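The values are calculated or read from the model by the stated rules, or taken from the named source; none is laboratory data. Quick caveat: nothing in here was measured; it's all calculated off a predicted structure. Virtual Cβ from ideal backbone geometry, glycine too; neighbours counted across all protein chains shown.
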Amino acid sequence: MNKKVHWETVYETKSDRQVSWFREHLDNSLEMILETKVGKEAAIIDVGGGSSSLAADLFEQGFADVSVLDISAKALEKSKARLGKRAAQIEWIEADITQVSLPENHYDVWHDRAVFHFLTAAEDRQKYVEQVLRSLKVGGHIIVASFGENGPQKCSGLDVVRYNPETMHNEFGNNFNLVESLSETHETPFQTTQEFIYCYCRMIANPKK
């Protein structure tokens, strides 16, 4: 299955409230980003953040250097429409996170809610981690939210990998220090619940430097 075609179809045929991962505001994500204590000039990337409200909420908090990456152009268009004129202040990246070339040693904060758990192939997870190692600054912060062990086995018709904080941290390895984790019971627009786990790590070393 072509991943881009799949996600373009999802965002072209469904509104925000017709997808299970929709949340009006990513409260836990925003709280963890604020807990990093990075300055308002910090470079933040939201991976898979296409139609999410997080970019708008970061602007409300005063952050000015925000990038949003998503494989779906349609998802990015929805976010741009939500932000209006402020959309021009964001860097929009239409790309597959396992294939994109991101700037080296650039980001202070890397955020991902509900992308990593779609990487069912070990090779893709390795590529993802290599992207982080390349583009996140040493000492930088990474926040990844995925389905927990009691979460769904599929989402949007695709298989997923479920995690606990330890297995998530293990995917990233000894170059990352696990700072905090939490579990969230996400209420979907369909009155069902999904378990998410959030892992906040700091990149303490980069073996390539």
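The residue list T185, T167 contains one member that is of a type in the set (S, T, Y), outside any loop (DSSP other than H, G, I, E, B) and surrounded by fewer than 13 Cβ atoms within 10 Å (Cβ to Cβ), which is T185.
Rundown of residues vs (1) under 30 Å from V10 (Cα atoms); (2) of a type in the set (A, V, I, L, M, F, W, C); (3) crowded, with 19+ Cβ neighbours inside 10 Å, yes/no style:
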residue	(1), (2), (3)
I143	yes, yes, yes
P152	yes, no, no
G173	no, no, no
E180	no, no, no
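The set of residues in the stretch 74-91 being of a type in the set (A, V, I, L, M, F, W, C) and over 11 Å from G48 (Cα atoms) consists of A81, L83, A87, A88, I90. Taken together, the residues in the stretch 44-55 that are over 13 Å from I143 (Cβ atoms) and not hydroxyl-bearing (S, T, Y) amount to 2.
Select from the stretch 169-209 the residues that are touching a strand residue (DSSP E or B) at 6+ places or on another chain (Cβ under 7 Å) and without any contact (Cβ under 8 Å) to a residue 40 or more places away in the chain and list them in ascending order. Of everything in the stretch 169-209, those that are touching a strand residue (DSSP E or B) at 6+ places or on another chain (Cβ under 7 Å) and without any contact (Cβ under 8 Å) to a residue 40 or more places away in the chain turn out to be H169, F176, N177, L178, V179, S181, S183, T185, E187, T193. Applying the set (1) under 30 Å from D159 (Cα atoms); (2) outside any loop (DSSP other than H, G, I, E, B); (3) small (G, A, S) to G139 leaves exactly one unmet item: (1).
I'm trying to understand the selection: among the residues of the stretch 75-97, which are more than 17 Å from the chain's Cα centre (by Cα) and not small (G, A, S)? Walk me through how you get there before you give the answer.
Within the stretch 75-97, the subset more than 17 Å from the chain's Cα centre (by Cα) is 77, 80-89.
Result: E77, K80, R82, L83, K85, R86, Q89.
Contact annotation: residue pairs with Cβ atoms under 9 Å, 6 or more positions apart or on different chains, pairing a residue in the stretch 31-43 that is within 14 Å of I143 (Cβ to Cβ) with a partner that is modelled with pLDDT of 95 or more and among the polar types (S, T, N, Q), are I33/Q61; L34/Q61; A42/T36.
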